[in-house]
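K.L.:
One structure follows; several queries about it will come next.
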Amino acid sequence: MTIRWGLIGVGDIANKRVAAAIQNDPNSELVAVCRRSEAPLQEFADQFKVPLRFTDAESLIAAPEVNAVYIATPVDCHLPQTLAAARAEKHVLVEKPMALNPAQCEQMIAACDQANVQLGVAYYRRFYPVVLRIHELIESGQLGRILSVACVTGNPNRFPADDWRVIRARGGGGPLMDIGSHRLDVFRQLLGEVESVQASTVKSPDFEAEEMATVLLVFANGVHGVLQCYFGTVDAPDRLEVIGTDGRVTVEDLNQGDLVLATEAGRSLESHPPADNLHAPLIEDFSAALLQNGNPAISGRVGKTTNDWIQMAYDDSRRSVSRDGR
Ligand SMILES: NC(=O)C1=CN([C@@H]2O[C@H](COP(=O)(O)OP(=O)(O)OC[C@H]3O[C@@H](n4cnc5c(N)ncnc54)[C@H](OP(=O)(O)O)[C@@H]3O)[C@@H](O)[C@H]2O)C=CC1
Ligand SMILES: O=C1CO[C@H](CO)[C@@H](O)[C@@H]1O
């Protein structure tokens, strides 16, 4: 048996990675694609040789050939498209961030539970070998007692004011939702639950959402987490650092995968590059879970945690001194 995927939203990420990841997975087949604009839909479907093409998501979801949907549309579409898929008893793998807010995430989880279909969220950094190695260093005690984790990340794009990523009703926020979400999910994987989230955001002069967010998390185990994220900076960083009493790990570029481990024994460089197609392990995990009647590694409940923390951060930033009038 294979998982017969319908891909809703064939824009940037579907074109760059998702379609190829599905087509390269031995347990998967890409049988249907959907976007509203006819000409680019046909172009995409021709390029990837996909037989079924739809200009509305409901029709793709209803197609009997489809038994799982991958939702790669703007964030405001994730809730309605997940609910429609659950009604049709189709499994759902949805892009990040899972939804606009935690209440929407809850609706998605409840609908999929009720329909007895799986719900997964595309936080594929969980599969990065470098992240797994850091997890091992933390769990094995090699870094001693963990004190802090910090991440600085940016996207160099200067998004125009009408881009869905910088309109709150469409993307849910700015860089915190779009790129901060990935890093918060890594924090969750490495350090568990949080006790508190504080934040300050700075609204962009050019668009509705924030252009910068700084978040301070205190984890239940007392560890401090700091996340800074930006839109529109030159040479945008993607840096992660974990500091413990007996060691420090630094990754200059998460997508590249080199880490420097510093302990009393000295410094060593390790290389743990990710898969060529970053979405490949995600698709492999989800389709294998479906075939084995198991659960995907990144369930809806896991994905919602990040939305919870982001909501706490936005709520706090409204109270804090900030140039953002949210
Ligand atoms: N995991 C990762 O690394 C990445 C994840 N993402 C996530 O993937 C998702 C998509 O991002 P991206 O590809 O950059 O976005 P794009 O804007 O490039 O593409 C969005 C696609 O969705 C389609 N679409 C929009 N509304 C609908 C609708 N109502 N029904 C059907 N199709 C629709 C658009 O086509 P049309 O307008 O013709 O309908 C377009 O094909 C987002 O959630 C984003 O956060 C994005 C980049 C990387
Ligand atoms: O990782 C990513 C790369 O940048 C994109 C655009 O900001 C994000 O949406 C995505 O999550």
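K.L.:
Given the DSSP H assignment, sum -39500 (n - 2.57) over each helix run of at least 4 residues in the chain and divide by its residue total; what's the result at 222 nm in deg cm²/dmol, nearest 500?
P.N.:
Values: 10 runs with 105 residues, N = 326.
Here the helix-only value at 222 nm equals -9500 deg cm²/dmol.
K.L.:
Using DSSP to define loop residues, name the GluC sites (Glu not before Pro) in segment 192-290 whose beta-carbon has at most 14 other beta-carbon atoms within 10 Å. Walk me through the numbers on the way to the answer.
P.N.:
Working: sites: E193, E195, E208, E210, E211, E241, E252, E264, E270, E284; in loops: E193, E208, E252, E264.
Within segment 192-290, the qualifying GluC sites (Glu not before Pro) (loop, at most 14 other Cβ atoms within 10 Å) are E193, E252, E264.
K.L.:
Got a sec to turn the phi values of segment 140-155 into Karplus ³J(HN,Hα) couplings, 6.51 cos²θ - 1.76 cosθ + 1.60 with θ = phi - 60°, whole Hz, x for Gly and Pro?
P.N.:
For segment 140-155, the Karplus-derived couplings read 7, x, 5, 9, x, 7, 6, 9, 7, 10, 9, 9, 10, 9, x, 10 Hz, x marking Gly and Pro.
K.L.:
Turning to a different aspect of this structure: Please list, or write none, the lysines whose alpha carbon is within less than 21 Å of the alpha carbon of K49, excluding same-chain residues fewer than 8 places away.
P.N.:
Partners within reach: K16.
K.L.:
Filter the trypsin sites (Lys or Arg not before Pro) in segment 1-91 down to the DSSP loop ones having no more than 13 other Cβ atoms within 10 Å, then list what survives. Could you put the intermediate results ahead of the total?
P.N.:
On the way: sites: R4, K16, R17, R35, R36, K49, R53, R87, K90; in loops: R35, R36, K49, K90.
Sparse-neighbourhood loop trypsin sites (Lys or Arg not before Pro): R36, K49.
K.L.:
Tell me, what ³J(HN,Hα) does each residue in segment 11-17 have, in order and in whole Hz, if you take phi through Karplus 6.51 cos²θ - 1.76 cosθ + 1.60 with θ = phi - 60° and put x for Gly and Pro?
P.N.:
After applying 6.51 cos²θ - 1.76 cosθ + 1.60, I find x, 4, 6, 4, 5, 6, 9 Hz.
K.L.:
Ok, one more. Kindly state, to the nearest 0.05, the FRET efficiency for D46 paired with D315, given R0 = 45 Å and r defined as their beta-carbon distance.
P.N.:
On the way: r = 46 Å, r/R0 = 1.02.
Result of the calculation: an efficiency of 0.45.
K.L.:
Just add up the charged neighbours of A99: K/R +1, D/E -1, any other residue whose Cβ is under 11 Å from the Cβ of A99. The partial results should precede the final answer.
P.N.:
Values: positive: K96, K304; negative: D76, E95, E106.
For residues surrounding A99, the net value is -1.
K.L.:
If you restrict to DSSP beta bridges whose two residues both lie in the chain, what percentage is antiparallel, to the nearest 5?
P.N.:
On the way: 39 of 68 bridges.
Bridges in the chain that DSSP calls antiparallel: roughly 55 percent.
K.L.:
What is the sum of charges around A21, taking Lys and Arg as +1, Asp and Glu as -1, for the other residues whose C-beta is under 12 Å from the C-beta of A21? Mind showing how you got there, number by number?
P.N.:
Values: positive: K16, R17; negative: D25, D276, E284, D285.
Every neighbour counted, the sum reads -2.
K.L.:
Which cross-chain or sequence-distant (5 or more) residues have an amide H under 5 Å from the amide H of G232, H modelled 1.01 Å from N in plane?
P.N.:
Close amide H contacts, sequence-distant or interchain: N155, N157.
K.L.:
Then there's this: Once phi is turned into θ = phi - 60°, what whole-Hz ³J(HN,Hα) does the Karplus curve with 6.51, -1.76 and 1.60 give for every residue of segment 51-57, x standing for Gly and Pro?
P.N.:
With the stated coefficients, segment 51-57 comes to x, 9, 10, 9, 9, 9, 5 Hz.
K.L.:
May I have the extent of the alpha carbons of the chain along their three principal axes, as whole Å values ordered from largest to smallest?
P.N.:
Answer, in whole Å and largest first: 59, 44, 38 Å.
K.L.:
Show me the trypsin sites (Lys or Arg not before Pro) within segment 112-189 that DSSP assigns to loop and that have at most 12 other Cβ atoms within 10 Å of their Cβ. The partial results should precede the final answer.
P.N.:
On the way: sites: R125, R126, R133, R145, R158, R165, R168, R170, R183, R188; in loops: R145, R158.
Those that pass, being in a loop and sparsely packed, are R145.
The numbers here are math on the coordinates, done by the rules we state, and not lab data. What you see is a predicted model; the values in this text were computed from it and never measured. Here the Cβ is made from the backbone with ideal geometry for all residues, glycine too, and neighbour counts use every protein chain on show.
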